[in-house]
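The values are calculated or read from the model by the stated rules, or taken from the named source; none is laboratory data. Bear in mind the structure is a predicted one, so any value in this text is a computation, not a measurement. Here Cβ is always computed from backbone atoms with ideal geometry, including for glycine, and neighbour counts include all displayed protein chains.
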Amino acid sequence: MHYKNTIPKRLKSYKEEDRGHTTPCWIWQGYIDQSNGGYGKCSSGTGPYPVSSHVWMYEYFKGPVPDGLELDHLCRVRSCCNPDHLEPVTHKENIRRGFLRRGVVSSRGERKRVYDHDGLLPFSRIVLSYRESGMSFEEMSAKTGKTQGSLRTAYYRAKMKLSITKT
Ligand SMILES: [Zn+2]
């Protein structure tokens, strides 16, 4: 479903605000769906009601979102509908980016634990490399002073994260 040809009812229902991205965000002033991620919603004019305001704006200014892709907010502001802050990506890529971003900065903007480029904690990476070199959890435990349980947890978590973040 594309909204490009529908008539905007409230095209100017946004406020420009500097939220730290390269250019100001367009903060949606209409309805915000707080229960579903905090995205702006608007009437498409003719289509089903409501549609996501950022999707609608993107399609109005840039053209249809390619089939199978979804829009990623490059500015991390979900109520922003600036088409220049939106990039069509695959669902997998969107999840991957969100995951990597969450690793560095929480939703409240606080710094959290720092992950490396694969989204792994340094400790997990060490466990992974030990395991790959054939070391048993028992040997690792003796070497690191950590319990085998915590080493196993770190190992399986790292394996899982790599399977998610692999492109
Ligand atoms: Zn923005």
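Data overview
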quantity: In the range 130-154, the residues that are of a type in the set (A, V, I, L, M) and at pLDDT 90 or above; calculated: 135, 140, 142, 151
quantity: Scope the range 9-50; condition closer than 21 Å to residue 88 by Cα, touching a Lys or Arg at 6+ places or on another chain (Cβ under 7 Å) and at pLDDT below 85; matching residues; calculated: 37, 42, 50
quantity: Verdict on residue 61 being at pLDDT below 90 and within 16 Å of the ligand (Cβ to nearest atom); calculated: yes
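Residues checked against (1) modelled with pLDDT of 90 or more; (2) part of a helix (DSSP H, G or I):
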{"position": "65", "(1), (2)": "yes, no"}
{"position": "107", "(1), (2)": "no, no"}
{"position": "114", "(1), (2)": "no, no"}
{"position": "120", "(1), (2)": "no, no"}
{"position": "126", "(1), (2)": "no, yes"}
{"position": "156", "(1), (2)": "no, yes"}
{"position": "159", "(1), (2)": "no, yes"}
{"position": "164", "(1), (2)": "no, yes"}
